[in-house]
Amino acid sequence: MKVSFFSAQPYDKEFFTQHNKHYGFELEFFDVTLDAQTVGLVQNATAVCVFVNDKVTADVIKALAVKGVKVLALRCAGFNNVDLQAANNLGMRVCRVPAYSPEAVAEHTVAMILTLNRKTHKAYNRVREQNFSLQGLMGFDLHNKTIGIIGTGRIGQALCRIMKGFGCRILAFDLIANKDMEREGVEYVPLITLLQQSDIISLHTPLNEQTRHLVNKETLAFTKRGVMIINTGRGGLIHTKDVIDALKSGHIGYLGVDVYEQEEGLFFRDLSSDIIIDDMIQRLMSFPNVLVTAHQAFFTKEAMDQIAETTLYNIKAIMENKAAELSGMLV
Ligand code: NAI
């Protein structure tokens, strides 16, 4: 049985080939993203495996169904790039990896907070030039600061626990308050209260119609001047133009983003010799108080092992009519 992978990077090939020793599928890797143009590459595959920036629209799903594809396996947690209704209508099964390493994403979030705050990226370069001055490197204590965590699912909870260890006050906003988190001292508050009181705000909700552009001109108006905003969720959670305006005016003091609304043409590629046409990302990267990473929060060895194993297991279980046993079924 053949599984065709899109957006495949060398590390995908390495981890999936390793884990496939227990499954014995025929694996085929395409480095291009799946979209209406590239769907033609699929030949005789029973399953297609995609990642965060593949565009699995209704047209693409229809083309896959015509080619006999039965399973669409996402090797990620978020599924905002897939038309689930179209898949359902055509009887295609869709699965994902709901939890691989929430700690990987939470820990990268903390790395971004610490880098922006203590400016270790600048210090690294400075001392290599024998510049041992501290001018401009001053940070602030995280101890006793208030961090607002929007979305306390798996990743948000992992972040709450880490930030508790730093001695932060933790405010949370979610559709449902998590009792365990409350017992551990997390305070659930209305969104506006979180925006008003937080020194750092971190986004961990899925991207959907309710959360799209959750950080925008109106919501930013409630935040403290100098606030730090971290987005390791999805690019569409923030209105990039409004955020750039708030950086220019000095209202946002620090911004860390691991995701970007127009990241498809940029992230996961080496464009170091290319001219980047997207002025928005160029403007973002030009601020001294902005840190951009290219969707790497998930990228640990433990997470890659879990992603490969769960994805292959999902495909096998679906083909053996055991989909009901899977927590990662979407359709
Ligand atoms: P999860 O499903 O465990 O938690 C999401 C939480 O958001 C839930 O508690 C849910 O109630 C809450 N939520 C949903 N809609 C909301 C709304 N309108 N307002 C407030 N809260 C809302 O998901 P998990 O595993 O914590 O992941 C969160 C997101 O992180 C994923 O959807 C994905 O987009 C992103 N992600 C990013 C990665 C990266 O490498 N940068 C890696 C993995 C996930």
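The values are calculated or read from the model by the stated rules, or taken from the named source; none is laboratory data. Values in this document were obtained by computation on a predicted structure and should not be read as measured data. No Cβ is skipped: glycine too gets one built from the backbone with ideal geometry, and neighbour counts run over all protein chains shown.
Annotations
- Among (1) of a type outside the set (S, T, N, Q); (2) surrounded by fewer than 14 Cβ atoms within 10 Å (Cβ to Cβ); (3) in contact (Cβ under 8 Å) with a residue 60 or more places away in the chain - the single one residue 19 does not satisfy: (2)
- Residue within segment 174-185 that is closer than 23 Å to residue 111 by Cβ, among the hydrophobic types (A, V, I, L, M, F, W, C) and surrounded by 22 or more Cβ atoms within 10 Å (Cβ to Cβ) present: no
- Scanning segment 147-156 finds one or more residues that are part of a helix (DSSP H, G or I), surrounded by 10 or more Cβ atoms within 10 Å (Cβ to Cβ) and either of a type in the set (Phe, Trp, Tyr) or touching a helix residue (DSSP H, G or I) at 6+ places or on another chain (Cβ under 6 Å) (or both).
- A search for C-beta distances below 6 Å between a residue of segment 199-219 that is within 19 Å of residue 250 (Cβ to Cβ) and touching a residue at least 12 places away in the same chain (Cβ under 8 Å) and any residue that is more than 10 Å from the ligand (Cβ to nearest atom) and of a type in the set (D, E, K, R), counting only pairs 6+ apart in sequence or on different chains, returns 199/145; 216/242; 217/242.
- The condition of being touching an Asp or Glu at 6+ places or on another chain (Cβ under 8 Å) and within 11 Å of the ligand (Cβ to nearest atom) holds for only one of 240, 232, that being 232.
- Selection count where residues are in a loop (DSSP other than H, G, I, E, B), within 20 Å of the chain's Cα centre (by Cα) and more than 16 Å from the ligand (Cβ to nearest atom), scope segment 58-97: 1
- Options 268, 287; residue that is within 16 Å of the ligand (Cβ to nearest atom), more than 19 Å from residue 211 (Cβ to Cβ) and not assigned by TED's automatic domain parsing to the domain that holds residue 71: 268
- Any chance residue 204 is within 15 Å of the ligand (Cβ to nearest atom) and in contact with a His (Cβ under 6 Å, 6 or more places away or on another chain): no
- Verdict on residue 258 being touching a residue at least 60 places away in the same chain (Cβ under 8 Å), within 26 Å of residue 95 (Cβ to Cβ) and surrounded by fewer than 20 Cβ atoms within 10 Å (Cβ to Cβ): no
- Residue satisfying condition, being surrounded by 18 or more Cβ atoms within 10 Å (Cβ to Cβ) and over 18 Å from residue 208 (Cβ atoms), within set 159, 137: 159
- Among the residues making up segment 98-112, none is touching a strand residue (DSSP E or B) at 6+ places or on another chain (Cβ under 6 Å) and more than 12 Å from the ligand (Cβ to nearest atom).
- Scanning segment 87-120 for residues that are under 23 Å from residue 312 (Cα atoms), of a type in the set (Gly, Ala, Ser) and crowded, with 17+ Cβ neighbours inside 10 Å yields a total of 3.
- A search for C-beta distances below 9 Å between a residue of segment 129-153 that is in the same structural domain as residue 193 (by TED's automatic domain parsing) and more than 26 Å from residue 206 (Cα to Cα) and any residue that is within 16 Å of the ligand (Cβ to nearest atom) and outside any loop (DSSP other than H, G, I, E, B), counting only pairs 6+ apart in sequence or on different chains, returns 142/113; 142/163.
- Filtered by the rule that a residue be of a type outside the set (A, V, I, L, M, F, W, C), away from the ligand (no atom under 11 Å from the Cβ) and not in a helix (DSSP H, G or I), segment 157-189 gives 167, 169, 184, 185, 187.
- Taking the listed residues 111, 123, the one that is small (Gly, Ala, Ser) and over 25 Å from the mean Cα position of the chain (by Cα) is 123, with no other qualifying.
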